[in-house]
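The values are calculated or read from the model by the stated rules, or taken from the named source; none is laboratory data. Small disclaimer: the values here were computed from a predicted structure and weren't measured. Every residue, glycine among them, receives a Cβ derived from its backbone with ideal geometry; neighbour counts consider all protein chains shown. The area values use the complete protein model at the heavy-atom level, side chains included, leaving out ligands, DNA and RNA. Shrake-Rupley method; radii C 1.70, N 1.55, O 1.52, S 1.80 Å.
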Amino acid sequence: MTPDDRADNIAIDGIVLMVVALFKERGRMQTYHLRRYLAGILVLIGMTLSNGRIHAAELTGTWIINVQDANTPNAQEVVLTFTNENGVMKGVMNGTSPLEDIKVQGDQVSFLVALGPPGSPKIPFAGVITADELQLKVPLTPDGKLTDVVARRATADEIAALQAAKIPKLPLPPIRDVPDNGLASTPPMGWGSYNRFGLTIDDKLIRSIADALVDSGMRDAGYIYLELDDGWQGERDSNGVLQPSPKFPDMKALGDYIHGKGLRFGIYSSPGPKTCGGFIGSYGHEEQDANTFAAWGADYLKYDWCTAVNIYTTADEMRADYQKMGEALIKTGRPIVYSLCQYGLFSVWQWGAKTGANLWRTSFDIKDNWESISAIGFSQNGLEDYAGPGHWNDPDMLEVGNGGMSTEEYRTHMTMWVMLAAPLMTGNDPREMTDETRDILLNREVILVDQDSLGRQGKRIMERGAIQAWAKELDDGSVAIAFFNRGQDSEQVTVKWSELNLVKPKAVRDLWKKMDLADVTDTYASELPSHGCTLLKVTK
Ligand code: GLA
């Protein structure tokens, strides 16, 4: 029985029941009223059925969302498939992520997409069905603003191509603990291309960035990893060896150039067949790619989940897949810092280090605005026990200097990241830094809080309205204390040291003002501008 047959049967059963009920009443009803009653019910049943049927039929099928923006010129496809199973609408995204709570009412459609493991937040999609489009609105950014997303009906050729392109699931190694590679005893510092340049990178740009990292003093302040993020890849040759795109004529020579500048060379790939930007990933070529990267002189690999989600879905599969590359990197014999990028799924902090990783992303992508950096930064509380020398929580690369925030907000961004012992991978253009950007990124005393050899991640110790205080223990017995004002208005902070579980300190230094407090009393008081902060080093 097809779904339509079944719907017809339900309709007929319903009508028969109604008519039987009506005939039982006939003695008490006039024929006129009986006819009108019957006609009304038939119209209602007809409307209900045609609604369900027409719109179920309209939604059923394969829809394609082309994801393309300034940062992803290589369009990626997100595929939504809806099926009507015995009258119940079912759906799936990219063949793996189930669509839940699918509702169709008139031309309105809504559903939830669980992009992560069970328990992770579900993203609501809602919109209208037109003849060949689903016009959806989706909260894709941390501030909850709705983005327009259009899914178009796939053509017969596209459906055939999707079937043909189905990628076989390769076996994964049994889960085991990869030995510590001994790297990243302090959070890695450097520069990554993605935040500022998206996927439009080339050899000339990267060389000029290497020059600028040296000339600006960034390298000497500790920013030594220069990471080519997504967008450097070309095709595989006939032996399966991944080649750079023509925009990178000689990757080994570029690696040598970077090393010649006293910097370290970082590169990017994905465990999936494609990267997030739509370039070739390392799926099925893990060892080969690890060897290629090592031969080019890579010192750092960012390994981004992306399309692996279409193949592996469980926590164990994800871990085994990351372990596969972790083991491949060790096998190269070259020290390569291993950076996982899977947005914090499956509580990666609990197992990331066991895959051989030195850092793992704990959030979806950062954006150059206050909503994004505050949502990511302040939500890291509670992860502090998972960070330490050799293995770090990574709330994503810095946006300082990219133009979307005020100086005050950028200072707060940097302060939060150093308090979190976060990797400090800058994401600006070091060739054109303003004095304000320099002052933030190059403040050595602030950087030292991040790079402290004890390797403690800070945590929240006080919350009072918009004000929060965070503390980070330092190796010399002192403690870094940061006060943040998340509110819209400036606020007066007045706190007794004892409220922070501190006795009256011997000395207090304001690390942004680069000044010792002249007069240390029982109380600390300061005026914090909206979205502003202070960062203190407190000697107990
Ligand atoms: C993902 C990552 C980003 C960046 C892009 C590149 O979105 O989270 O940091 O690497 O992919 O395509």
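Given the conditions (1) out of contact with any Pro (no Cβ under 6 Å at 6 or more places or on another chain); (2) at pLDDT below 95, and given that Ala308 satisfies all but one, which numbered condition is not satisfied?
The number of the failed condition is (1).
Pick out the one residue from Glu371, Glu409 that is over 22 Å from Arg264 (Cβ atoms), touching a Lys or Arg at 6+ places or on another chain (Cβ under 9 Å) and open to solvent by 20 Å² or more (accessible area, probe 1.4 Å).
Result: Glu371 is the single residue among Glu371, Glu409 that is over 22 Å from Arg264 (Cβ atoms), touching a Lys or Arg at 6+ places or on another chain (Cβ under 9 Å) and open to solvent by 20 Å² or more (accessible area, probe 1.4 Å).
So in the stretch 190-208, with the set limited to residues that are closer than 23 Å to Pro335 by Cα and open to solvent by less than 10 Å² (accessible area, probe 1.4 Å), which one is farthest from the ligand (Cβ to nearest atom)?
Step by step, filter the stretch 190-208, then rank; the result is Ile206.
Please work out if Gly182 is open to solvent by 10 Å² or more (accessible area, probe 1.4 Å), touching a helix residue (DSSP H, G or I) at 6+ places or on another chain (Cβ under 7 Å), more than 16 Å from the ligand (Cβ to nearest atom) and among the small types (Gly, Ala, Ser).
Spelling it out, it is not the case that Gly182 is open to solvent by 10 Å² or more (accessible area, probe 1.4 Å), touching a helix residue (DSSP H, G or I) at 6+ places or on another chain (Cβ under 7 Å), more than 16 Å from the ligand (Cβ to nearest atom) and among the small types (Gly, Ala, Ser).
Regarding Leu172, is this residue open to solvent by less than 90 Å² (accessible area, probe 1.4 Å), within 22 Å of Val309 (Cβ to Cβ), more than 16 Å from the ligand (Cβ to nearest atom) and at pLDDT below 95?
So Leu172 fails the test.
Check Thr31, Thr96, Thr48, Thr81 and return the single one that is modelled with pLDDT of 80 or more and more than 16 Å from the ligand (Cβ to nearest atom).
Sole residue among the options that is modelled with pLDDT of 80 or more and more than 16 Å from the ligand (Cβ to nearest atom): Thr81.
For Thr147, all conditions in the list (1) free of Cβ contacts under 8 Å to residues at least 24 places away in the same chain; (2) assigned to a helix (DSSP H, G or I) hold save one; what is the number of the exception?
(2)
Looking only at the stretch 222-237, count how many residues are of a type in the set (Gly, Ala, Ser) and open to solvent by less than 10 Å² (accessible area, probe 1.4 Å).
Residues that pass the stated criteria total 1.
Give me a count of the residues in the stretch 318-330 that are among the acidic types (Asp, Glu) and open to solvent by less than 30 Å² (accessible area, probe 1.4 Å).
The total comes to 1.
Just the residues that are touching a residue at least 12 places away in the same chain (Cβ under 8 Å), in a strand (DSSP E or B) and open to solvent by 40 Å² or more (accessible area, probe 1.4 Å), please, taken from the stretch 508-540.
Of everything in the stretch 508-540, those that are touching a residue at least 12 places away in the same chain (Cβ under 8 Å), in a strand (DSSP E or B) and open to solvent by 40 Å² or more (accessible area, probe 1.4 Å) turn out to be Arg509, Thr523, Ala525, Glu527, Lys537, Thr539.
One line per residue, one yes/no per condition, for (1) of a type outside the set (Phe, Trp, Tyr); (2) touching a strand residue (DSSP E or B) at 6+ places or on another chain (Cβ under 8 Å); (3) open to solvent by 40 Å² or more (accessible area, probe 1.4 Å):
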site	(1), (2), (3)
His259	yes, yes, yes
Arg264	yes, yes, yes
Lys274	yes, yes, yes
Gly278	yes, yes, no
Glu287	yes, no, yes
Ala308	yes, no, no
Asp316	yes, no, yes
Gly333	yes, no, yes
Ile336	yes, yes, no
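Would you mind stating whether Lys354 is open to solvent by 50 Å² or more (accessible area, probe 1.4 Å), more than 16 Å from the ligand (Cβ to nearest atom) and over 26 Å from Leu226 (Cβ atoms)?
yes
Do any residues in the stretch 407-425 that are closer than 16 Å to Met218 by Cβ have Cβ atoms under 8 Å from those of residues that are in a loop (DSSP other than H, G, I, E, B) and of a type in the set (Gly, Ala, Ser), where the two are at least six apart or on different chains, and which pairs are they?
Between residues of the stretch 407-425 that are closer than 16 Å to Met218 by Cβ and residues that are in a loop (DSSP other than H, G, I, E, B) and of a type in the set (Gly, Ala, Ser), the close pairs are Tyr410/Gly401; Leu424/Gly222.
Pairs please, first residue from the stretch 274-295 and within 18 Å of Glu317 (Cα to Cα), second anywhere and of a type in the set (Lys, Arg) and modelled with pLDDT under 95, Cβ atoms under 6 Å, 6+ apart in sequence or on different chains.
Hits for this filter: Gly281/Lys274.
Please specify each residue of the stretch 264-282 satisfying the condition of being near the ligand (Cβ under 10 Å from one of its atoms) and assigned to a loop (DSSP other than H, G, I, E, B).
Scanning the stretch 264-282 gives Ser270, Thr275, Cys276, Gly277, Gly278, Phe279.
Which numbered condition trips up Cys341, out of (1) touching a helix residue (DSSP H, G or I) at 6+ places or on another chain (Cβ under 7 Å); (2) crowded, with 18+ Cβ neighbours inside 10 Å?
Status for Cys341: all satisfied but (1).
I'd like the residue in the stretch 289-304 that is surrounded by 24 or more Cβ atoms within 10 Å (Cβ to Cβ) and in a loop (DSSP other than H, G, I, E, B) and, out of all such residues, is nearest to the ligand (Cβ to nearest atom).
This residue is Ala298.
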